[in-house]
Amino acid sequence: KEKMGWKTIGFNKVWQYAHALYLQSAEHVESIMKEQAALIRPKFEIVLDAFDNAFGDSDTVTWNKPQGGYFICLKCLNGTAKKVWSMCKKAGLTITPAGAAHPLHNDDSDSYLRIAPTYPSKEDLKKATEVLVTVVKIVTMEALLLAK
């Protein structure tokens, strides 16, 4: 065991070889990624459609429409992301912590949430998005009312 520690550098060579055999070529990787995109696109559409319907005319809540990747960046009203995250947690919805996409998890504006719609089923994602949208609306309205 002790000698093996210095004989191997990096990751498991057997798995690297297995991946090389499976992936075969850049064209094959591209076809795999297209299949993956087809699987997850409907989940992104669920979230993006819900955001469009709930916040489409809003200038206080914005989001990106990814052209790849696994995350949607939701920008809430400044100073509200941590509260949105906390209220979602209390409601039983687990989302990525506020500011997680920033270095050292430090979002000075406290406005960014990273939404990862790939894991849940479509049915669960619809429910989760409903909760998230409702919480964002509540927290935004509270913040706007307190600012007056």
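Applying a length cut-off of 30 Å (Cα extent along the axis) and a mean Kyte-Doolittle floor of -0.5 to the DSSP H helices of the chain leaves 26-55, 122-147. Approximating the spin labels as points 7 Å out from Cα along Cα→Cβ, the Lys34-to-His105 distance works out to 4.0 nm. Of all lysines in the structure, the ones whose alpha carbon falls short of 28 Å from that of Lys13, not counting any fewer than 8 places away in one chain, are Lys1, Lys3, Lys34. For the stretch 96-105, 3J(HN,Hα) computed residue by residue from phi via the Karplus equation (6.51, -1.76, 1.60; θ = phi - 60°) reads 4, x, 4, x, 4, 7, 8, x, 6, 6 Hz, glycine and proline entered as x. Look at [x] 66, 38, 25; [y] 79, 24, 24; [z] 39, 27, 26: the one that is Cα extents along the principal axes in Å derived from this structure is [x]. When you count the other C-beta atoms within 10 angstrom of each residue and take the mean per peptide, 57-64, 12-19, 74-81 line up highest first as 74-81, 57-64, 12-19. Rounded, prolate or oblate: which fits the stretch 80-148, taking a ≥ b ≥ c as square roots of the Cα gyration tensor eigenvalues, rounded meaning a/c under 1.5, else prolate when a/b beats b/c? Oblate is the answer for the stretch 80-148, as a/c is 1.5 or above yet b/c matches or exceeds a/b. Listed by chain and number, the aspartates and glutamates whose C-alpha is less than 13 Å from the C-alpha of Lys75, apart from same-chain residues fewer than 8 away, are Asp59, Asp107, Asp108, Asp110.
Comparing Leu132, Leu39, Leu113 in a Gaussian network model of the chain (Cα springs below 10 Å), the most mobile by mean-square fluctuation is Leu39. Between their Cα atoms, which of Lys43/Lys65; Lys65/Lys148; Lys89/Lys127 are more than 23 Å away from each other? Correct reply: Lys65/Lys148.
We did not get these values from a lab; they are worked out from the coordinates using the rules stated. All figures in this text were calculated on a predicted structure; none of them were measured in a lab. Because the Cβ atoms are built from the backbone with ideal geometry, glycine has one as well, and the counts that use them run over all protein chains shown.
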